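Structure record follows, encoded as structure tokens.
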Amino acid sequence: MLAKMYKEYAVQRTFKRIGIMGGSFNPIHIGHLVTAEEAFSQFDLDIIIFIPSGQPPHKEPRKFAPAEDRYLMTVIATASNPHFIVSRIEIDRKGPSYTVDTLKELRKIYSSETEIYFITGADAILEILTWKTPEILAEHCEFIAATRPGYSLEKFKELHLLNENAKKLPKVHFMEVPALAISSTDIRKRLRNGQPIKYLVPEGVEHYLYKSQLYTTENYGS
Ligand code: NAP
């Protein structure tokens, strides 16, 4: 049954609409997976490519678990979903993981006809005007900003990020995801305090976190 499903999926790999799930995934949790699945369904995407940041831009490297651990946990978390894949593109690239560089690399693989949606947290997208070359980002993709229920869009309005006529600004869509009540910050805190993380992360990730003692022996992030 599984073999047949993956075989059918493999022969359809001419993607017209792809979702890029960008994040530091420090660590990945159920909220991220629900976000990706929701975007896949709402935006009629063909595939979701998870791209863990190698060296998150504008942030101190010591605040993050090693890139290889964050990558492996992302692979474990997504393995059972046929339309989720994980890319090492930012893990293997040296220097800060600028999104614009990732999009340029993806454009070498996918033609200009492929529509790219970059999915990440709304708070990260709020900073988009400080990202490297936002006007070039706008040429390559549209953004899906995942929000928690009750999230205020006021700051987006102030930045004119909702202005359809602002041609050089990236286009931003909003998607409310109740499961984003789960956060990586809370999971790191729970691990430090010895509180349960069951059902907040996939089972395999839970085991990886306990085996590796990530976030308990080192203070990666607050
Ligand atoms: P962050 O500042 O750590 O995250 C901001 C908020 O967004 C947090 O609440 C976070 O929750 C949430 N979030 C992050 N990724 C998410 C996702 N894929 N789906 C749903 N919620 C998400 O942001 P970050 O993770 O470092 O960066 C996010 C993305 O933006 C990355 O791909 C990064 O490379 C890119 N970025 C690029 C530039 C640039 O090119 N100059 C600058 C900054 C960020 P959790 O903590 O629970 O994940």
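Checking the structure you have, find out if any residue of the stretch 186-198 is of a type in the set (Gly, Ala, Ser) and on the phi > 0 side of the Ramachandran plot. Give the steps one after another, and end with the answer.
Narrowing the stretch 186-198 to residues of a type in the set (Gly, Ala, Ser): 194.
Among the residues that remain, those that are also on the phi > 0 side of the Ramachandran plot are: 194.
Looking for residues that are of a type in the set (Gly, Ala, Ser) and on the phi > 0 side of the Ramachandran plot, one finds at least one in the stretch 186-198, hence yes.
Within the stretch 191-217, track down each residue that is part of a helix (DSSP H, G or I) and open to solvent by 60 Å² or more (accessible area, probe 1.4 Å). Before you say what the answer is, go through the steps one by one.
Of the residues in the stretch 191-217, the ones part of a helix (DSSP H, G or I) are 191-193, 203-212.
Once the filter is applied, which keeps residues that are part of a helix (DSSP H, G or I) and open to solvent by 60 Å² or more (accessible area, probe 1.4 Å), the stretch 191-217 yields Arg192, Asn193, Glu203, His207, Tyr210, Lys211.
Filter the stretch 12-64 for residues that are of a type in the set (Lys, Arg) and without any contact (Cβ under 8 Å) to a residue 40 or more places away in the chain; which is surrounded by the fewest Cβ atoms within 10 Å (Cβ to Cβ)?
Taking the stretch 12-64 first, the residues of a type in the set (Lys, Arg) are 13, 16-17, 59, 62-63.
Then drop every residue that is not without any contact (Cβ under 8 Å) to a residue 40 or more places away in the chain, which leaves 13, 59.
On the way: Arg13: 8, Lys59: 14.
If we take residues in the stretch 12-64 being of a type in the set (Lys, Arg) and without any contact (Cβ under 8 Å) to a residue 40 or more places away in the chain, then Arg13 is surrounded by the fewest Cβ atoms within 10 Å (Cβ to Cβ).
So that you can scan it fast, the table gives a plain yes or no per residue for (1) in a helix (DSSP H, G or I); (2) in contact with a Pro (Cβ under 6 Å, 6 or more places away or on another chain); (3) at pLDDT 95 or above:
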position: Glu8; (1), (2), (3): yes, no, no
position: Thr14; (1), (2), (3): no, no, no
position: Asn26; (1), (2), (3): no, no, yes
position: Gln55; (1), (2), (3): no, yes, no
position: Lys59; (1), (2), (3): no, no, no
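Is the stretch 116-127 home to any residue that is more than 20 Å from His32 (Cα to Cα), near the ligand (Cβ under 8 Å from one of its atoms) and in contact (Cβ under 8 Å) with a residue 40 or more places away in the chain?
Of the residues in the stretch 116-127, the ones more than 20 Å from His32 (Cα to Cα) are none.
No: zero hits.
Restricting to helices (runs of 4 or more DSSP H) lying wholly in the stretch 75-155: which have 2 or more residues that are out of contact with any Gly (no Cβ under 7 Å at 6 or more places or on another chain) and open to solvent by less than 60 Å² (accessible area, probe 1.4 Å)? Spell out how you get there, then give the answer.
Working: elements: 89-92, 99-109, 122-126, 134-140.
Filter on the stretch 75-155 gives 99-109, 122-126, 134-140.
What residue, of Leu209, Leu169, is touching a helix residue (DSSP H, G or I) at 6+ places or on another chain (Cβ under 7 Å) and either within 19 Å of Met73 (Cβ to Cβ) or at pLDDT 95 or above (or both)? Can you show your working first?
Numbers: Leu169 fails: either within 19 Å of Met73 (Cβ to Cβ) or at pLDDT 95 or above (or both).
Just a single option satisfies the conditions, and that option is Leu209.
The values are calculated or read from the model by the stated rules, or taken from the named source; none is laboratory data. What you see is a predicted model; the values in this text were computed from it and never measured. Note: ideal-geometry Cβ built from the backbone for every residue, glycine included; neighbour counts use all protein chains shown. Just so you know, the surface numbers come from the protein's heavy atoms only, side chains and all, with ligands and any DNA or RNA stripped out. Shrake-Rupley method; radii C 1.70, N 1.55, O 1.52, S 1.80 Å.
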